[in-house]
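Trainee: Please see the structure below; I have some questions.
The values are calculated or read from the model by the stated rules, or taken from the named source; none is laboratory data. From a predicted model like this one, the values you see are computed outputs, not experimental measurements. All Cβ positions, even for glycine, are placed from backbone atoms using ideal geometry, and neighbour counts span all protein chains on display.
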């Protein structure tokens with residue numbers, strides 16, 4: 001069953017002016033329950049525009065976004081509920097933060113959902129646990145935290161609303177390797193425990209390959225590919241033409257295979273590379 005679906009989706013910026021530009025063009029896709037969807041594409045390809053259309057932050061010029069088979073714009077009065085059901089963190093989500101304390105920042109969404117004080121407390125603590133934030137941070141100012149902690153607080157603020165779909169726009173951008181690994185582990189753990197749909201937008205192909213069930217490739221507002229990551233990254237030449245790369249481990253294993261003249265499947269992760277080496281070279 002599809003949780004979120006796009007049908008003939010169009011959205012253009014600066015409509016009716018000489019600066020008009022289409023952010024997405026005739027997008028058709030379906031995302032099934034429990035999937036992690038990676039989204040790749042160069043800057044300006046339409047990734048973030050598509051995320052905002054899914055969240056109801058912007059309204060399509062043509063076409064539909066359906067959440068559980070219902071057009072999210074069918075009843076304009078319900079669009080606020082869509083924001084709760086399809087949670088979105090922007091690139092550099094710490095720019096979304098404004099609460100005086102970590103608690104107030106994470107609690108903002110649940111409070112606006114009309115929950116009682118006790119329910120809000122439970123939601124905040126659960127979200128902090130998912131995001132691997134210690135309770136000692138509750139009364140700290142979010143602006144005094146490290147970059148990785150700020151990112152976790154922003155993500156926790158979305159998780160606290162218990163969305164059916166969690167959209168993360170470049171959640172690891174600009175982080176050091178340790179913080180980045182921590183964020184990725186938290187995302188995977190959240191998915192294991194909830195089974196909710198996650199849409200993960202990133203320029204880091206290794207991260208996309210590691211956690212995604214399917215990958216969307218965007219280019220100039222068009223959905224060019226939508227397939228399993230192994231199938232996507234096996235199309236290296238097509239990706240290169242769009243200014244995209246394959247994971248580093250894929251490049252390395254391909255060179256080894258070509259040199260040894262070994263027929264091979266596409267290897268996209270380090271674990272996959274280890275298995276391939278054991279199978280073909282031991």
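Trainee: Please go through the stretch 152-171 and give me each residue that is more than 15 Å from residue 106 (Cβ to Cβ), in a loop (DSSP other than H, G, I, E, B) and touching a helix residue (DSSP H, G or I) at 6+ places or on another chain (Cβ under 7 Å), ordered by number.
Mentor: We begin by selecting, within the stretch 152-171, every residue more than 15 Å from residue 106 (Cβ to Cβ); these are 164-165, 167-171.
Going one step further and asking which of them are in a loop (DSSP other than H, G, I, E, B), we end up with 164, 170-171.
If the condition is that a residue be more than 15 Å from residue 106 (Cβ to Cβ), in a loop (DSSP other than H, G, I, E, B) and touching a helix residue (DSSP H, G or I) at 6+ places or on another chain (Cβ under 7 Å), then 164, 171 are the ones that fit.
Trainee: Any idea which of 25, 15 is at negative phi and at pLDDT 95 or above?
Mentor: 25
Trainee: Would you call residue 178 within 17 Å of residue 248 (Cα to Cα), in contact with a helix residue (DSSP H, G or I) (Cβ under 9 Å, 6 or more places away or on another chain) and surrounded by fewer than 19 Cβ atoms within 10 Å (Cβ to Cβ)? It would help to see each step written out before you state the result.
Mentor: Numbers: within 17 Å of residue 248 (Cα to Cα): no; in contact with a helix residue (DSSP H, G or I) (Cβ under 9 Å, 6 or more places away or on another chain): yes; surrounded by fewer than 19 Cβ atoms within 10 Å (Cβ to Cβ): yes.
So residue 178 does not fit the description; no.
One line per residue, one yes/no per condition, for (1) closer than 22 Å to residue 184 by Cβ; (2) crowded, with 19+ Cβ neighbours inside 10 Å; (3) over 16 Å from the mean Cα position of the chain (by Cα):
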| position | (1), (2), (3) |
| --- | --- |
| 46 | no, yes, no |
| 56 | no, yes, no |
| 61 | no, no, yes |
| 65 | no, yes, yes |
| 72 | no, yes, yes |
| 92 | yes, no, no |
| 100 | no, no, yes |
| 123 | no, yes, yes |
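Trainee: Checking residue 84 against (1) crowded, with 20+ Cβ neighbours inside 10 Å; (2) within 20 Å of the chain's Cα centre (by Cα), which test does it fail?
Mentor: For residue 84, the failing item is (1).
Trainee: Kindly indicate which of 115, 137 is within 25 Å of residue 78 (Cα to Cα) and over 23 Å from the mean Cα position of the chain (by Cα).
Mentor: It is 115.
Trainee: I need the helices (runs of 4 or more DSSP H) fully contained in the stretch 194-282, keeping only those with at least 2 residues that are in contact with a strand residue (DSSP E or B) (Cβ under 7 Å, 6 or more places away or on another chain) and at pLDDT 75 or above.
Mentor: 205-211, 229-233
Trainee: When both residues are 6+ apart or on different chains and their Cβ atoms are under 8 Å apart, which pairs have a first residue that lies in the stretch 20-39 and is within 15 Å of residue 214 (Cβ to Cβ), and a second that is assigned to a strand (DSSP E or B) and modelled with pLDDT under 95?
Mentor: The qualifying pairs are 30/2; 31/2; 32/2; 33/2.
Trainee: Still on this structure, I have one more. For residue 108, are the conditions met, namely being closer than 26 Å to residue 54 by Cβ and surrounded by fewer than 20 Cβ atoms within 10 Å (Cβ to Cβ)?
Mentor: It is true that residue 108 is closer than 26 Å to residue 54 by Cβ and surrounded by fewer than 20 Cβ atoms within 10 Å (Cβ to Cβ).
Trainee: Among the residues of the stretch 128-138, is there at least one that is in contact (Cβ under 8 Å) with a residue 60 or more places away in the chain, out of contact with any strand residue (DSSP E or B) (no Cβ under 8 Å at 6 or more places or on another chain) and surrounded by 14 or more Cβ atoms within 10 Å (Cβ to Cβ)?
Mentor: yes
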